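Below: one structure, written as structure tokens.
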Ligand code: ADE
Ligand code: ZN
């Protein structure tokens, strides 16, 4: 079933009261576990009788102050441990899809971290049973199409990643590719060359986090060593002019997450965010939400924040939305259908 794109819906998207109209967009950089809102974490902890070490929601909320990527990951993995049953994973995914759809997301390629769950005794089958139900019904229930990208945790043994690849194959209808996330510095992409080669042989798409906290050289080795088709973050690429020239020439998609970059202090203030410089340099950038429950907003909240801080034009926001579909792993005909919808919503001829 094709998602609806009627005039009513466009009106609803425009009516969010923030002055920046939401455009149909593909969400390409969101971690499912990063959509776990504190309220749901507390509810699931109670449902599963796995108490959190916080006295209540207020105390938990005080933990959402980060100094860098690792300080965030510590809380992210701690709260992820409330997820135990297929129902938990399905509830989390449905809650995310509902929020995303309300912000203009029409297609989502969602990162999932199975090793964060298998390493504490929750089998892959449990994770995928819950996600399978939610992802397969997303279009019917929420009006967006959804696929999963399984990330290898780069701070764990690469042999674990290599062993994971064949286990993903029964879920090929839901899993569209593999990615690389978690603590970046000191864990260069080349450690995962074998895992990525196995994924490529299995016909999976490949993306990788690189150049978030790590150096521009990691972006190059993600491209050359892993065959990454998209780079997640990549903001530190700007430190290397020859890399920027290559990214522009090859039109390598970069999935940029402004609220995350400020929350994790990769960028001091939103006004300093490199997104506009990336657009001006002719890079194929799009805007995404990373871990929206932790960083203060979902996809359109990111677009709004960066628009306000950097003075993005309507034309630049249209480019970001178009780039999101161009960079997606949707079939070409689906990309074209969504691009027409962006043009219609942006008020220009298709
Ligand atoms: N896992 C969840 N969010 C992440 C991020 N921003 N960088 C690396 N790994 C992550
Ligand atoms: Zn990320």
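The values are calculated or read from the model by the stated rules, or taken from the named source; none is laboratory data. Computed from a prediction, not measured in an experiment: that's the story for all the values here. A quick note on method: Cβ atoms are made from the backbone with ideal geometry, for glycine too, and the neighbour counts reach across all protein chains shown.
Collect the residues in region 65-93 that are away from ligand 2 (no atom under 16 Å from the Cβ), under 25 Å from residue 303 (Cα atoms) and buried (at least 18 other Cβ atoms within 10 Å of the Cβ), keeping them in residue-number order.
Hits for region 65-93 are 92, 93.
Select from region 201-219 the residues that are within 14 Å of ligand 2 (Cβ to nearest atom) and assigned to a strand (DSSP E or B) and list them in ascending order.
Residues satisfying the conditions are 207, 208, 209, 210.
Tell me, which residue of region 227-249 that is within 21 Å of residue 178 (Cα to Cα) and surrounded by fewer than 24 Cβ atoms within 10 Å (Cβ to Cβ) is farthest from the chain's Cα centre (by Cα)?
227
Checking the condition at pLDDT below 95 and either closer than 25 Å to residue 318 by Cα or over 19 Å from the mean Cα position of the chain (by Cα) (or both), which residue from 47, 10 passes? Spell out how you get there, then give the answer.
Details: 47 fails: at pLDDT below 95.
None of the others qualify; the one that does is 10.
I'm trying to understand the selection: among the residues of region 67-94, which are over 22 Å from residue 178 (Cα atoms), part of a helix (DSSP H, G or I) and touching a helix residue (DSSP H, G or I) at 6+ places or on another chain (Cβ under 6 Å)?
79, 88
Residue check: is residue 198 outside any strand (DSSP E or B) and either more than 15 Å from ligand 1 (Cβ to nearest atom) or buried (at least 21 other Cβ atoms within 10 Å of the Cβ) (or both)? Steps first, answer last, please.
Working: outside any strand (DSSP E or B): yes; either more than 15 Å from ligand 1 (Cβ to nearest atom) or buried (at least 21 other Cβ atoms within 10 Å of the Cβ) (or both): yes.
So residue 198 passes the test.
Residue 109 versus (1) touching a helix residue (DSSP H, G or I) at 6+ places or on another chain (Cβ under 9 Å); (2) touching a residue at least 60 places away in the same chain (Cβ under 8 Å): which is the lone unmet condition?
(1)
Checking the condition surrounded by fewer than 24 Cβ atoms within 10 Å (Cβ to Cβ), in contact with a helix residue (DSSP H, G or I) (Cβ under 9 Å, 6 or more places away or on another chain) and without any contact (Cβ under 8 Å) to a residue 12 or more places away in the chain, which residue from 272, 280 passes?
Working: 280 fails: in contact with a helix residue (DSSP H, G or I) (Cβ under 9 Å, 6 or more places away or on another chain).
Every option except 272 fails the conditions.
Can you tell me which residues in region 119-128 are assigned to a helix (DSSP H, G or I) and surrounded by 17 or more Cβ atoms within 10 Å (Cβ to Cβ)?
Of all residues in region 119-128, those assigned to a helix (DSSP H, G or I) come to 124-128.
Across region 119-128, the qualifying residues are 124, 126, 127, 128.
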